[in-house]
Every structure is written in C-alpha cells, then in structure tokens.
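The values are calculated or read from the model by the stated rules, or taken from the named source; none is laboratory data. This one's a predicted model, so the numbers in the text were calculated from it and none came from an experiment. Don't worry about glycine lacking a Cβ; one is built from the backbone with ideal geometry, like all the others, and counts go over all protein chains shown. Ligands, DNA and RNA are excluded from the accessible area calculation, which covers all protein heavy atoms including side chains. Shrake-Rupley method; radii C 1.70, N 1.55, O 1.52, S 1.80 Å.
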Amino acid sequence: MTDPIVKSTSIVSRTNLAAAARLMVRSIFFLLPLIFTWLKLRNLSSADIAQLITDASASDVIWKTALIIYFFAWVWGTLWDVGLQERVYLEAPNKGRMPWQAIGFAAAISVFGAVLVWVDTFVQFVGALALFTAVDHAAWRYLVGFLQPMIQRAREGYAGDAIGLEQLHLVENQVCGGWKWWRGLVGVIGIFVMLALALVMSPETSIEVGRMELPWGFVQAASILVWVLLMEIWHWYVRIVTRVAVDTLEHLRDKYRLAALSLGPSV
C-alpha cells in the first residue's frame with residue numbers, strides 16, 4: 001500500500017508543476033498582446049490608429065486573422081495539454097518546481113512571438129515564422145526529455161491498472177509521439193514553399209483564378225492562413241481524440257467500479 005504521506009507529496013508536486021506551467025503560458029498570453037500593441041502603436045495618435053484600421057486591406061485582415069488564430073490556438077492548446085497531463089502523471093520531479101531551462105524556453109518563445117507580430121513584410125514574416133517554429137520545436141524536445149522520468153514513474157505506479165496504463169499511453173503519444181515529427185516536417189516544407197515563392201515572385205505579380213485576378217499580397221496572406229489552419233487543425237485533432245479516449249476510459253473505470261460495488265462481496 002502507498003504511504004499516504006508519499007502520495008500526498010506526489011500530488012502536491014504534480015499540482016505545483018501544473019500551476020507553474022499554467023502561469024508561464026498565461027503570462028505569455030497577456031504579455032505578447034501588450035508588447036505588440038506598444039511596439040506598433042507607441043508613436044501613433046488616435047487619428048493615425050483610426051486611419052490604419054480604415055485603410056486595412058483584405059490581405060492585412062487575413063494576415064492578422066492568421067496570427068490571432070495561431071496565438072490563441074497555441075495558448076489554449078498548451079493549457080489543454082497541461083490539464084490532460086496533470087490527470088495521468090502521478091509525480092513531478094524537484095517538488096514540482098519549474099526548472100530554469102523551461103523558463104528560458106518560455107522567454108525565448110515570447111521574444112520570437114513578439115518578432116513574429118512585429119515584422120511587416122512577407123519575407124521577414126516567413127523568416128520569423130521559421131525561427132519561431134525552430135524554438136517551439138526545441139522547447140518540445142526539451143519537454144519530451146523532461147517528461148520521461150515522470151512518465152516512467154507513472155508507468156510503474158499504474159502497474160496492474162490496465163486503464164491507467166492505457167490513459168498514460170494515450171497522453172504520452174499525444175505529447176511525445178512521432179506524429180509531431182511529421183507535423184513539423186510538413187510545417188517546415190510549407191515555410192520553405194512560402195519563402196521560395198516570396199523570393200521568386202514579384203510583389204506586382206497577380207494570379208488568375210478563373211475570372212478572378214488575385215494580387216500577390218493576397219496570395220501571401222492566404223498562404224499564411226492556410227499554414228496556420230493546417231498546423232493547428234492537425235494538432236487539435238490529436239488533442240481532441242486523446243481527450244475523448246481518456247474521458248471514455250475514465251467513464252468505463254467509474255462505471256465498472258460502481259457495478260462491482262453494487263454487486264457486493266460474494267457469499
């Protein structure tokens with residue numbers, strides 16, 4: 001039987017680590033928009049800001065929409081991941097204190113995220129997107145290494161608990177699985193395609209689609225939106241499938257536990 005004190009300490013460490021992770025993500029959530037607003041609008045009057053809004057083109061709207069989707073999907077997706085992992089991991093190392101390396105990665109993501117929203121040209125944006133993607137991937141690889149001891153301890157703790165082991169496996173695959181390499185590869189290919197087109201095509205170029213003639217700026221903005229939607233729909237699909245499977249297993253556990261209790265001890 002597990003020592004109640006040890007069990008309580010494990011729960012506290014896990015909760016502390018999850019709370020620290022949420023604090024970091026929420027700090028990024030609040031700081032990045034503030035930094036963006038200050039950088040973009042610090043030298044503008046209210047009349048200038050109103051004029052910018054009035055003069056916004058369809059390309060500008062699509063570009064900014066893609067950034068907003070990417071930002072919110074990243075923030076809420078990370079919080080979603082933290083909550084799901086908190087459900088299946090049994091213990092966190094270092095008494096649940098967030099390591100400095102993780103804080104450093106969070107700071108780097110904030111910096112490169114600010115660069116992503118600061119740049120004005122398509123070529124600069126694609127370059128910033130490549131850097132942000134590289135930092136985000138490096139942070140994921142660090143996370144995988146950081147989580148391995150927690151996953152192993154949970155695997156040992158769930159010995160004899162088939163449902164707990166399956167839930168752990170599902171979450172491990174979502175966070176650490178090889179599908180993320182394929183998603184990253186597709187994302188990198190998309191970035192290279194956007195960069196190649198930006199370097200080859202002239203800004204004055206337009207593309208005919210049926211009877212419509214699309215300016216190159218519109219095509220660039222649309223390519224950003226397509227990239228963001230592809231990356232985030234892929235990621236959220238895996239998240240939702242994992243969450244549904246974990247919840248279903250939890251429901252089955254509760255159902256059969258109640259059924260066993262209702263039967264009572266055999267005579």
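From the residues in the stretch 102-124 that are in contact (Cβ under 8 Å) with a residue 40 or more places away in the chain and over 13 Å from PHE71 (Cβ atoms), which one is nearest to the chain's Cα centre (by Cα)?
Only one residue tops the list, namely ALA106.
Would you tally the residues in the stretch 149-185 being over 19 Å from ALA138 (Cα atoms), open to solvent by 40 Å² or more (accessible area, probe 1.4 Å), in contact (Cβ under 8 Å) with a residue 60 or more places away in the chain and of a type in the set (S, T, N, Q)?
0
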